1. Return the residues of region A:126-141 that are part of a helix (DSSP H, G or I), within 13 Å of another protein chain (Cβ to nearest Cβ) and farther than 17 Å from B:A127 by Cβ; say none if nothing qualifies.
2. On the basis of being over 23 Å from the mean Cα position of the chain (by Cα) and of a type outside the set (S, T, N, Q), does A:D281 make the cut?
3. Looking for something within 14 Å of chain A (Cβ to nearest Cβ), surrounded by 15 or more Cβ atoms within 10 Å (Cβ to Cβ) and in contact with a helix residue (DSSP H, G or I) (Cβ under 7 Å, 6 or more places away or on another chain) - is there at least one such residue anywhere in region B:113-120?
4. Consider region A:105-142. How many of its residues are among the charged types (D, E, K, R) and within 30 Å of the chain's Cα centre (by Cα)?
5. Restricting to region B:135-162, and then to whatever is buried (at least 21 other Cβ atoms within 10 Å of the Cβ) and not in a helix (DSSP H, G or I), can you tell me which residue is nearest to the other protein chains (Cβ to nearest Cβ)?
6. What's the number of the condition A:A149 fails, among (1) touching a residue at least 24 places away in the same chain (Cβ under 8 Å); (2) within 9 Å of chain B (Cβ to nearest Cβ); (3) touching a Leu at 6+ places or on another chain (Cβ under 9 Å)?
7. Filter region A:50-98 for residues that are facing another protein chain (nearest Cβ under 7 Å) and part of a strand (DSSP E or B); which is surrounded by the fewest Cβ atoms within 10 Å (Cβ to Cβ)?
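The values are calculated or read from the model by the stated rules, or taken from the named source; none is laboratory data. In this text the structure is predicted, and so the values were computed from the model without any measurement. With ideal geometry, Cβ positions are generated from the backbone for all residues, glycine too; neighbour counts draw on all protein chains shown.
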Amino acid sequence: MIHFNNITKTYPGATKPSVDNLTMSVPEGETCVVIGPSGCGKTTTMKMVNRLIEPTEGEIYVTGRNILKQDPVELRRNIGYVIQQIGLFPHFTIRDNIAVVPKMLGWKKSRIDRRVDELLEIVGLEPTHFRNSYPRKLSGGQRQRVGVARALAADPPVMLMDEPFGAIDPITRDRLQNEFLRLQKPMKKTIMFVTHDIDEAIKMGTLVCILQVGGVLQQLDTPSNILSSPANSFVADFVGSDRGLKKLTLVRVNEVMKTDFPVGRHDESTNEILRRMKESDLDSLFITDEIGKLAGYVTLEAIQGQPQKKMSQMLQGIIATTEAEATMKDAFSQMLSYGIRYLPVVDERSKLVGMVTSDDAQRLVEQTNKVLMST
Amino acid sequence: MTDFLQDLVDFFIAFKDGILYYFPGTGQPERVLEFLWGHLLITFVTMFFAIVISVPLGILITRVRSLYEPIIKLAAMLYTVPSLAMFGILIPFVGIGFTPTVIALTLYSLLAIIRNTAVGINGVDRAIIESARGMGMKNSQILLQVELPLALPVILAGIRIAIISTISLATLGSYFGADSLGNLIFEGISAGGTRNDKIAAGAIGATLLAIIFDYLISRIERSLPGIAQK
């Protein structure tokens with residue numbers, strides 16, 4: 001979909017190229033996150049795709065066409081562009097900001113109005129409330145939602161995103177990242193995404209492209225492969241010594257959770273529970289109610305020698321739970337911060353559906369490290 | 001001390017007579033109207049040419065950076081020429097009256113408008129321009145839909161400065177044969193202190209015009225969408 005063929009960019013007056021003989025491809029529907037230290041030419045690389053920067057040598061193909069032989073204005077209208085500073089027009093309403101490209105493409109007013117409302121819904125802004133506001137009235141997060149809506153306006157097959165969430169506070173950034181991932185799933189846009197944040201790269205990318213200073217390609221691979229088998233020591237250093245931990249971001253809880261483990265019910269007798277724990281050699285057990293809702297847990301210590309006490313009297317409250325869709329990084333971080341080794345997984349009705357252990361997380365990290373040491 | 005008090009009293013009397021000059025009976029409102037019209041005509045024609053010349057020049061020097069210095073320096077040089085000298089240079093070429101007045105005042109207005117146009121355009125957030133270009137806007141669309149509207153408050157501020165100096169300098173045109181409120185002032189001066197009401201009438205008229213135009217432009221500035229604090 002996007003193909004770089006021996007691209008070199010040397011800025012006027014510079015002795016060394018900013019991008020050096022780069023050949024790479026981003027297949028259709030992939031999100032390729034370009035990352036590297038400052039001066040690695042990642043923004044230059046991206047801006048050559050919509051010809052805001054012209055390459056010195058080489059060719060770039062977008063949807064099979066050599067863009068250097070295309071009218072740049074035409075080209076740009078078919079490529080969504082989102083930048084960190086957002087760049088909304090302050091003298092345009094939100095509607096008019098989103099309508100810029102459709103208007104240039106000659107859409108009818110009614111079609112533009114429908115599209116604007118649809119896009120505002122998609123990015124989570126109430127159309128009746130925001131349509132006629134000016135950008136100055138919006139928060140940073142809301143503005144970038146409009147920025148994304150504007151880039152999507154004419155439904156371009158290709159999107160370029162230059163640190164789109166870089167200037168937004170961490171909590172909002174996380175939410176916008178998740179929303180964008182949710183948006184992108186059905187849209188299947190071909191995206192080139194520039195960031196300097198390796199965590200963002202691993203989270204947002206289906207492909208990660210790591211550049212070294214001077215625009216030399218080091219590795220282009222899936223996030224998982226980047227983490228488990230860095231091509232060289234530069235990539236390994238760049239990804240960081242905590243790459244094992246980072247790999248936990250790529251694993252969802254439901255991929256590793258145990259679903260088949262002993263559970264107690266709150267109306268069972270103490271002796272019954274005790275017998276089950278000894279049988280499985282457990283020192284604690286999750287207890288559910290009659291419909292499977294997580295009620296709490298008991299420890300061996302607490303119930304031993306207390307046969308006459310009722311279950312409900314010895315039940316201890318659950319400190320933390322996770323969900324099947326959460327990442328193992330979130331789950332592990334919860335276990336670490338609460339100092340627990342077992343984390344129950346519940347569904348949206350708080351029914352117990354599984355359990356992850358800190359051993360699971362450690363095993364994932366160790367797997368990565370073993371691969372790293374062998375290379 | 002008594003001299004000073006006497007002057008002060010004379011000033012207020014002249015001021016009062018100046019106002020009365022605007023009303024029928026003691027005054028000559030038809031003459032005031034004639035000179036006011038002449039004054040407005042000089043102002044409008046001057047501002048028309050000043051804007052038509054300066055805004056494109058201001059845009060040009062943001063596009064061709066090498067022209068920035070020479071054009072700003074030339075406009076600044078013209079601005080420093082004393083007004084009497086300016087008329088003195090122009091009259092041999094274009095004669096006296098309306099024409100040299102408009103030319104001189106246009107030349108004085110260039111600096112403020114050219115500089116403010118360039119400063120306004122250069123002051124537009126680069127990210128906004130980049131997103132405009134990235135969306136596929138043509139250079140002409142970027143200029144007309146983005147740069148000029150966003151630079152407008154600064155350009156208007158330049159026009160405001162130019163219009164006020166034009167209104168005040170237009171009085172001087174009367175000395176060189178143009179009709180403006182300056183006619184009243186010069187008539188009053190040549191009457192040797194017997195017609196101070198005319199001096200006051202001319203001065204009050206020119207001052208009021210300046211205040212009114214200043215107010216009108218500030219209203220326009222505030223009504224600009226998005227930029228205005230709402």
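1. Correct list: A:K137 only.
2. On the way: over 23 Å from the mean Cα position of the chain (by Cα): yes; of a type outside the set (S, T, N, Q): yes.
Answer is yes for this residue.
3. Looking for residues that are within 14 Å of chain A (Cβ to nearest Cβ), surrounded by 15 or more Cβ atoms within 10 Å (Cβ to Cβ) and in contact with a helix residue (DSSP H, G or I) (Cβ under 7 Å, 6 or more places away or on another chain), one finds at least one in region B:113-120, hence yes.
4. 9
5. B:G136
6. The number of the failed condition is (2).
7. Here the residue is A:I83.
Every residue, every condition in (1) within 14 Å of another protein chain (Cβ to nearest Cβ); (2) part of a helix (DSSP H, G or I); (3) at pLDDT 95 or above; (4) closer than 27 Å to B:G158 by Cβ, yes or no:
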| residue | (1), (2), (3), (4) |
| --- | --- |
| B:L172 | no, yes, no, yes |
| B:D179 | no, no, no, no |
| B:G188 | no, yes, no, no |
| B:G193 | no, no, no, no |
| B:S218 | no, yes, no, yes |
